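Read-outs throughout are calculated quantities, based only on the coordinates presented, and are distinct from any laboratory measurement. Nothing here was measured: the structure is a model prediction, and the numbers come from that model. Note that we place each Cβ from the backbone using ideal geometry, even for glycine, and neighbour counts take in every protein chain shown.
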Amino acid sequence: MPDAAGKVFVITGPSGVGKGTLISGLLDRSDGLELSVSATTRDPREGEVAGRDYHFLSSAEFGERVAADEFLEHASYSGHQYGTLRSEVDARLRAGVSVVLEIELQGARQIRDSMPEAVQIFIAPPDPASLRSRLVGRGTDSPEAIEQRLNTAETELAAQGEFPNVIVNDDVQTAREELIALVQTELPLD
Ligand code: ADP
Ligand code: 5GP
């Protein structure tokens, strides 16, 4: 059993900013760090795998699990529910494994209140227009879903100042190295 408990890293920012891309690079390069698989009521996208990308739940099951206090945080985003299950986080922390939560703003605020020791990182775009081009380029969301996400992005970008760590994802390799360097200085040594 390692001496140090694991740490929680919250990575947030608007849809399309590149959170998933940067986190995948981070996980490839960090030992002792794992991604919490969130629960959601949205439908799987093409290529997404249940249990790997998300735990896909019905609205009824999500509600039951909220009532049973199974979530560390949860929020409604773009017409669907998203949340972090305690079962994804607690045992890992006790075993000395650190955990990345890739979550939206309301969830990040809940974690700030319940786990003030968590490291909070906001990923920002070089300019707001790049969010639209990245979401369109990703090709996973309908035009309506993209508009809804861009509307929410305005509120999210306005909250950037709440975050002690902001990484601008302009050049992806530069941003990835910044994220890795930041996380590695915060990772507990065993
Ligand atoms: P998020 O997880 O924040 O919604 P993604 O990681 O899915 O965002 O990235 C959205 C799209 O933008 C993807 O197609 C990804 O390849 C692309 N992307 C990510 N980072 C950059 C970057 N720095 N420059 C250009 N495109 C990027
Ligand atoms: P997507 O539908 O693009 O996978 O995710 C939409 C938004 O929900 C993204 O901003 C993503 O970070 C956020 N999200 C994913 N999982 C969770 C979660 O467990 N809790 C919260 N609050 N947001 C989440």
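On the stretch given as region 1-36, residues that are in a loop (DSSP other than H, G, I, E, B) and within 14 Å of ligand 1 (Cβ to nearest atom) total 6.
Yes/no per residue for (1) within 9 Å of ligand 2 (Cβ to nearest atom); (2) surrounded by fewer than 15 Cβ atoms within 10 Å (Cβ to Cβ); (3) free of Cβ contacts under 8 Å to residues at least 24 places away in the same chain:
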site	(1), (2), (3)
Ala4	no, yes, no
Arg29	no, yes, no
Ala39	yes, no, no
Asp43	no, yes, yes
Ala60	no, yes, yes
Arg65	no, no, no
Ala68	no, yes, yes
Gly96	no, no, no
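Taken over region 161-186, the criterion of being within 20 Å of Gly107 (Cα to Cα) and surrounded by fewer than 16 Cβ atoms within 10 Å (Cβ to Cβ) is satisfied by Gly161, Glu162, Pro164, Val166.
Among the criteria (1) under 20 Å from Leu179 (Cβ atoms); (2) among the β-branched types (Val, Ile, Thr); (3) away from ligand 1 (no atom under 16 Å from the Cβ), the one Val66 does not fulfil is (1).
Of the residues making up region 157-190, those that are assigned to a helix (DSSP H, G or I), in contact (Cβ under 8 Å) with a residue 24 or more places away in the chain, closer than 25 Å to Glu34 by Cβ and within 16 Å of ligand 1 (Cβ to nearest atom) are Val172, Ala175, Arg176, Leu179, Ile180.
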